[in-house]
Structures are given as C-alpha cells and as structure tokens.
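A.B. asks: The structure that follows is given in the form of structure tokens.
Nothing in this text is a laboratory measurement; each read-out follows from the coordinates by a stated rule. Note that this is a predicted model, so its numbers are computed, not measured. Virtual Cβ from ideal backbone geometry, glycine too; neighbours counted across all protein chains shown.
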Amino acid sequence: MAIKTYKPTTPARRFMSNISNEDITAKPSVKGLLTKLKRHAGRNNTGRITSRHKQAGAKKQYRIIDFKRNKLDIPGKVAAIEYDPYRNCRIALVNYADGEKRYIIQPSGMKVGDTVQSAVSGIDIIAGNAMQLINIPVGTIVHNIELKPGKGGQMVRSAGGSAQVMGREDKYVTLRLPSSEMRKVLGVCMATIGSVGNEQFSNIVIGKAGRSRHLGIRPQTRGSAMNPVDHPHGGGEGKSNGSRHPVSPWGQKAKGLKTRKKNKHSNKYIVSRRKKGVR
C-alpha cells in the first residue's frame, strides 16, 4: 500500500499525504452490518465536557466487526476489501458457506477470493484464520487477541500491529505484544493469524487543521499561553518557560508519572513490562 502525496497547490497541500485507496475494492453493500453510533463530543450525561479536544467530526456509520470469530468450522470467502472510518486498518467482507456475511479486520496480504476459517484447532496457519492460542505454533504472528474466552478480540487490532506467540505454560500462552511487553493469556482465548494490514498508516501527514477537525479532534491551547487562573504554566511577563515540570491544568505531572495501580489484578499475568521508548 503506497503513500500518496499531492502537488503543492496550497501551503497545506505541500506536506500532506494519505494512503492510496487502490486496495479498496467496494463500498459498503450489506446494510445489516452498518449502524449509527451516538457521538458525545467529549461530554457526559449532564452535558459537561469531561474529555477535552473532542468534537463529532465528519458523519460516518459504524461497521459491525466480528471480533469473536466464533463461526467455527465453516469456511468463508473474502468478497471485498472496504474502508472503515472508525479504525485505521481496512476491513474484509467475508461470505460464509451457510450464507451469512461478516466483517473481519483485514490481515496483511489478504485479498479478494481468499478463504478464511475459524476453528478450535487443526486448520492451516494462513493469514485470516482464527484458532485458540494453545493450538497455534510457537513463533507465529497473531492479532485480534481475546483476553476473556468468548468476549472477542481486545488486543492488537490497529494498523500494522502484531503479537508473537513465545511459549506455553500450563493453561497459559506467553505473547510478546507490540509494546514489547511479555504477557500471559489463557490458551482457550481466540486469536487470528497474521499481522494487521495498512502498515503505512503511521507515515501519513495530516497537513492542515481542517483535516484534524474532520477526524473529530479540536485544537489544543498551550498552558503557557494561558493566565495563571487557568493553568499552572500560565502568566509571566512575555514568553516564559513555565519554570516547573510540565503538569496538566489540574497539577498532575504530565511526563513520567506512573498511573498504573500497584495492586492491579492483571499484574500477575505480565511477565515483563515494556521497554522504555517503545510504544
């Protein structure tokens, strides 16, 4: 998938880039897999802004994705590769042998006409097939990983993401996640073979403010440009550096503060934490 650039007809166009859509083969055709999500623009049930810098953005419909991959032992054929406005990877429309249609996340290398299948075990290690982790060979690259059996994939779902099966121990499987964290997951949880497609997504340049607004992102104001009543960094004569460690408007340190609870129940499943500098 190539990065598309533009002629510099305006200052914003000069550096703007996008992902080419040559891999997209169709527009949404199954109305039953489309729904509307209510957009809150960062506001809670009383109408107060609780998450700043958010707005509704461009109108879009949510595609219902099959994260559970619970249609076992029924082969399906990839009918189309489509764009999804709610995620940074492409999605694939799968027509199953019993007539049902579902969307799945498109793994890297998947194309129209490919056959995919879900099973507990005993199917080929091909991108797009889904199996229980305990039956996937050590060293295999996987994505869309469940944390609770039957709940659906919760980890490794964004563009270019992949985890690797590192080993098995009793009823658990050890995975190396994209953050380099090593974590144990129950072996009966489902995972999909391969890495997520659209790997070039992280290289695109937004280029102009209006494009961020379409994505639902409102502008941020620097604390040092505010008054002291509005932000701890505010005030001072002329431009000043704040003379203190960066903090949020409410005084919480913004860099390096560990916010994970020390007694969190999932600590026992983490074999080693992520390395510094790896996101």
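A.B. asks: Can you compute the charge dipole magnitude of the chain about its Cα centre, using +1 on each Lys and Arg Cβ and -1 on each Asp and Glu Cβ, nothing else charged? Give it in debye, rounded to the nearest 20.
C.D. replies: For this selection, approximately 1560 debye.
A.B. asks: What order do you get for Val205, Val116 when you list them from fewest to most C-beta neighbours inside 10 Å?
C.D. replies: On the way: Val205 13, Val116 24.
In order of increasing Cβ crowding within 10 Å: Val205, Val116.
A.B. asks: Oh, and also: Using the structure shown, list the pairs from Lys36/Lys151; Lys31/Lys101; Lys77/Lys111 with a Cα-Cα distance above 18 Å, or answer none. It would help to have the intermediate numbers written out before the result.
C.D. replies: Details: Lys36/Lys151 22 Å; Lys31/Lys101 11 Å; Lys77/Lys111 10 Å.
Over 18 Å Cα-Cα: Lys36/Lys151.
A.B. asks: Please give the Cα centre distance for the range 19-76 versus the range 82-133, rounded to the nearest Å.
C.D. replies: A separation of 18 Å, based on Cα centres.
A.B. asks: Right, next: Place a +1 charge on the Cβ of each Lys and Arg in the range 188-279 and a -1 charge on the Cβ of each Asp and Glu, then give the dipole magnitude about the Cα centre in debye, rounded to the nearest 20.
C.D. replies: Details: 20 positive and 3 negative charges, 110 e Å.
In debye, rounded to 20, the range 188-279 gives about 520.
A.B. asks: May I ask you to derive the relative contact order of the range 1-138, considering only C-alpha pairs under 8 Å and at least 6 residues apart, and to give it as an integer percent?
C.D. replies: Details: 219 pairs, mean separation 23.5, N = 138.
It rounds to 17 percent for the range 1-138.
A.B. asks: Select from Asn95, Ala79, Ala58 the residue farthest towards the positive end of the dipole of the range 56-108; place +1 on Cβ of Lys and Arg, -1 on Cβ of Asp and Glu, and compute about the Cα centre.
C.D. replies: Ala58
A.B. asks: Would you pull out the residues with amide H under 5 Å of Gln154's amide H, same chain only if 5 or more places away, H placed 1.01 Å from N?
C.D. replies: Distant-sequence amide H within range of Gln154: Ile145, Glu146, Leu147.
A.B. asks: Once Lys and Arg get +1 and Asp and Glu get -1 on their Cβ, which of Gly47, Ala26, Phe15 lies farthest toward the positive end of the dipole of the range 1-51?
C.D. replies: Most positive-ward Cα: Gly47.
A.B. asks: Given the options Ser121, Ser108, Ser243, state which has the largest fluctuation in a GNM of the chain using a 10 Å cut-off (strictly under) for Cα springs.
C.D. replies: Fluctuation is largest for Ser243.
A.B. asks: Ranking request for peptides 73-86, 226-239, 257-270: highest mean number of other beta-carbon atoms within 10 Å first, then the rest in descending order. Mind dumping the intermediate values first?
C.D. replies: On the way: 73-86: 16.5, 226-239: 12.2, 257-270: 8.9.
The packing order, highest mean first, is 73-86, 226-239, 257-270.
A.B. asks: Rank the residues Leu37, Leu147 as a footprinting-exposure proxy: fewest other Cβ atoms within 10 Å of their Cβ go first.
C.D. replies: On the way: Leu37 9, Leu147 15.
Exposure proxy ranking, most exposed first: Leu37, Leu147.
A.B. asks: Which whole-Hz couplings ³J(HN,Hα) result when phi for each residue of the range 230-241 is put into the Karplus expression 6.51 cos²θ - 1.76 cosθ + 1.60, θ = phi - 60°, listed in order with x for Gly and Pro?
C.D. replies: 9, 7, x, 8, x, x, x, 7, x, 6, 9, 8
A.B. asks: Give me Val156, Val120 sorted ascending by neighbouring Cβ count inside 10 Å, so fewest comes first. Don't jump to the answer; show the numbers that get you there.
C.D. replies: Numbers: Val156 21, Val120 14.
In order of increasing Cβ crowding within 10 Å: Val120, Val156.
A.B. asks: Additional query: How big is the antiparallel share of DSSP beta bridges in the chain, given as a percent to the nearest 5? Don't jump to the answer; show the numbers that get you there.
C.D. replies: Working: 43 of 46 bridges.
Expressed as a percentage, antiparallel bridges in the chain total about 95.
A.B. asks: Gly187's amide H: which non-local residues (gap 5+, or another chain) put their own amide H closer than 5 Å, with H modeled 1.01 Å from N in plane and none for Pro or chain starts?
C.D. replies: Tyr172, Val173
A.B. asks: Next question. Can you give the convex hull volume per residue for the Cα atoms of the range 187-279, as a whole number of Å³? Numbers along the way, then the final one.
C.D. replies: Working: hull volume 21.1 nm³, N = 93.
For the range 187-279, the hull spanned by Cα atoms encloses 227 Å³ per residue.
A.B. asks: Choose one answer from Thr174, Thr115, Thr221: the residue with the largest mean-square fluctuation in a GNM of the chain with alpha-carbon springs under 10 Å.
C.D. replies: Taking springs between Cα atoms under 10 Å, the residue moving most is Thr221.
A.B. asks: With an 8 Å Cα cut-off and a minimum separation of 6 or more residues, compute the relative contact order for the range 87-176 in percent. Please list the in-between numbers first.
C.D. replies: Values: 127 pairs, mean separation 18.1, N = 90.
Computed over the range 87-176, the figure is 20 percent.
A.B. asks: Specify whether the C-alpha gyration tensor of the range 136-183 places it in the rounded, prolate or oblate class, a ≥ b ≥ c being the square roots of the eigenvalues: rounded for a/c under 1.5, otherwise prolate if a/b is larger than b/c and oblate if not.
C.D. replies: Values: a/c = 1.77, a/b = 1.14, b/c = 1.55.
Oblate is the answer for the range 136-183, as a/c is 1.5 or above yet b/c matches or exceeds a/b.
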